[in-house]
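K.L.:
The structure is given below, and queries will be raised subsequently.
The values are calculated or read from the model by the stated rules, or taken from the named source; none is laboratory data. Since the model is a prediction, treat every value here as computed from it, not as a measurement. Cβ placement follows ideal geometry from the backbone for every residue including glycine, while neighbour counts extend to all protein chains displayed. With ligands, DNA and RNA removed, areas are computed over all heavy atoms of the protein, side chains included. Shrake-Rupley method; radii C 1.70, N 1.55, O 1.52, S 1.80 Å.
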Amino acid sequence: MQQAGSVVSRLGSRLQVRPSAPCRSLSCAQDVLHRTPLYDFHLAHGGKMVAFAGWSLPVQYQDSHVNSHLHTRQRCSLFDVSHMLQTKIFGCDRVKLMESLVVGDIAELKPNQGTLSLFTNEAGGILDDLIVTNASEGHLYVVSNAGCREKDLTLMQDKVRELQNKGSDVALEVMDNALLALQGPTAAQVLQAGVADDLRKLPFMTSAVMEVFGVSGCRVTRCGYTGEDGVEISVPAAEAVHLAAALLRNPEVKLAGLAARDSLRLEAGLCLYGNDIDEHTTPVEGSLSWTLGKRRRAAMDFPGASVIVPQLKSKAQRRRVGLMCDGAPVRAQSPILSPEGTVIGAVTSGCPSPCLKKNVAMGYVPYEYSRPGTPLLVEVRRKQQPAVVSKMPFVPTNYYILK
């Protein structure tokens, strides 16, 4: 990779990024990439731009990847995640629509409460992971992955049309808001200075619409992709730069890019769609059984239930596990071996942990090898290294949960 992508190159292929520039041809790939409302803001602040899921996004800024990662753990960082797909589902049958596509119990969500859920297919495979919030304004607010944008939109739009043809009251709106993630132990303190709402009353996985640093109509959700306390702010696109600049004026806040976001989520044991979970992975295999609503399990009324629910009792043949490894950093697709040297699985994500000063990874192994503490081997550059199955998250999470 070129210089702009060198940090990501060291992290491995799991980010699936490429440098946005330079280009060898007159028709530069950068010209066809989507740009967030903060594109020029990133350039002005030294952002090194790369192509990611069809978007031009900063992989890092002037700080090193490790310094940016640690700053997020110790203070707070601002991430541009405007590439994520944001949609609203309206109508009396909005819950019916969403529950026909996901595994979660959407009907039980309280006003302004959200949940992580999964789109699944009839074979039990995961089509995408997403957050669904029961907005008190009378709609569902849905955030899903940019890399699955067209697939997710087609899935939801097709189901909307199907239900509408049957007389159901449901509609879908694609939002053009920007999305900013403020993550880290001082995030709430920083944001509190710009809002009238008491953020102490906004626990993990809840949200509220409020004015933020003079910008009205922002939806603030207490969630994130780092394992730290923090928020994601859906902000009108025209006001995104104003809001980012206001947050950045606080010395606690630094800009962070894709490189830090990836190592932070891996330390927190969070999946990257397309690497750690995909259409050939069931929720049980992916160690995501907790996303299956209790009522939905009993009713077996979600896509792939006939495959997924029996796995809860019979134990899936393979499981996603955490690994801690010695030696050279472990990368995606590295073979995982039994202590006897037989290949039994593969790594899906891996990097050196800036916090633990050890190599951490995720991967899939047969169920009988999935117990924490199980000694295994990983192969890196044709050399075998010791590894041990470890509980996730690797670094304790710090979500804000009311006692």
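K.L.:
Tabulate in residue order the Karplus-calculated ³J(HN,Hα) for the range 291-308, using 6.51 cos²θ - 1.76 cosθ + 1.60 with θ = phi - 60°, rounded to whole Hz; enter x for Gly and Pro.
P.N.:
Each residue's phi maps through the Karplus curve to give 7, 7, x, 4, 5, 5, 4, 5, 7, 6, 10, 10, x, x, 4, 5, 8, 6 Hz.
K.L.:
Sort out the exposed loop GluC sites (Glu not before Pro) in the chain (DSSP loop, at most 13 other Cβ within 10 Å) and tell me the longest stretch that has none.
P.N.:
The longest such stretch corresponds to 138-339.
K.L.:
Still on this structure: Please compute the contact order of the chain in relative form: average sequence separation of alpha-carbon pairs under 8 Å and at least six residues apart, divided by the residue count, as a percent.
P.N.:
Once divided by the residue count of the chain, the mean separation gives 17 percent.
K.L.:
Short version: ³J(HN,Hα) in whole Hz for each residue of the range 144-155, in order, from phi by Karplus 6.51 cos²θ - 1.76 cosθ + 1.60 (θ = phi - 60°), x for Gly and Pro, what are they?
P.N.:
9, 7, 4, x, 10, 3, 5, 5, 5, 4, 4, 4
K.L.:
Which of the lysines could a cross-linker bridge to Lys201, judged by Cα under 21 Å and excluding same-chain residues fewer than eight apart?
P.N.:
Of all the lysines, those that pass the test against Lys201 - Cα under 21 Å, at least 8 places apart if same chain - are Lys110, Lys403.
K.L.:
Would you kindly find the accessible area of Thr115, with a 1.4 Å probe and non-protein molecules such as ligands, DNA and RNA excluded, rounding to the nearest 10 Å²?
P.N.:
Counting only protein heavy atoms, the figure is 40 Å².
K.L.:
In nanometres, what is the gap between the two model label sites at Arg371 and Ala193, each 7 Å from Cα along Cα-to-Cβ?
P.N.:
The two pseudo-label positions are separated by 5.2 nm.
K.L.:
Would you calculate a helix-derived [θ] at 222 nm for the chain, using -39,500 (n - 2.57) for each DSSP H run of n ≥ 4 and dividing by the full residue count, to the nearest 500?
P.N.:
Value at 222 nm, helices only, nearest 500: -6000 deg cm²/dmol.
K.L.:
Calculated FRET efficiency, Lys315 and Lys110, Cβ-Cβ r, R0 30 Å, to nearest 0.05?
P.N.:
0.35
K.L.:
Oh, and also: Answer with a single label: of (i) 31, 29, 20; (ii) 45, 23, 18; (iii) 40, 24, 18, which was calculated as semi-axes √(5λ) of the Cα gyration tensor in Å from the structure in view?
P.N.:
(i)
K.L.:
Just the accessible area for Phe79, please: 1.4 Å probe, Å², rounded to the nearest 10?
P.N.:
Accessible area, nearest 10 Å²: 10 Å².
K.L.:
Output ³J(HN,Hα) for the range 181-187: one whole-Hz value per residue in order, computed from phi by the Karplus curve 6.51 cos²θ - 1.76 cosθ + 1.60 with θ = phi - 60°, and x for Gly and Pro.
P.N.:
10, 9, 10, x, x, 9, 4
K.L.:
Treating cross-link reach as a plain straight distance, find the aspartates and glutamates whose alpha-carbon is under 15 Å from the alpha-carbon of Lys315, omitting any fewer than eight places away in the same chain.
P.N.:
Glu285, Glu368
K.L.:
When the solvent-accessible surface of protein heavy atoms is calculated with a 1.4 angstrom probe, in what order do His69, His280 fall, highest first?
P.N.:
My answer, sorted largest first, is His280, His69.
K.L.:
Given 0.36 nm per residue, what is the gain on full extension from Val174 to Gln74 after removing their alpha carbon distance, in nm?
P.N.:
32.5 nm
K.L.:
State the volume of the convex hull built on the alpha-carbon positions of the range 283-390, expressed per residue in Å³ and rounded to an integer.
P.N.:
Output value, Cα hull per residue: 109 Å³.
K.L.:
Any lysines with Cα under 21 Å of the Lys159 Cα? List them, leaving off those in the same chain fewer than 8 positions away.
P.N.:
Here the lysines satisfying the reach criterion relative to Lys159 are Lys88, Lys96, Lys151.
K.L.:
On to the next question. At what distance in angstrom do the alpha carbon centres of the range 294-333 and the range 187-259 lie from each other?
P.N.:
One Cα centre to the other: 33 Å.
K.L.:
How high is the relative contact order of the range 283-390? Use alpha-carbon pairs under 8 Å, at least six apart in sequence, and give a whole percent.
P.N.:
Relative contact order comes out at 27 percent.
K.L.:
In square angstrom, rounded to the nearest 10, how much accessible surface does His45 have for a 1.4 Å probe?
P.N.:
70 Å²
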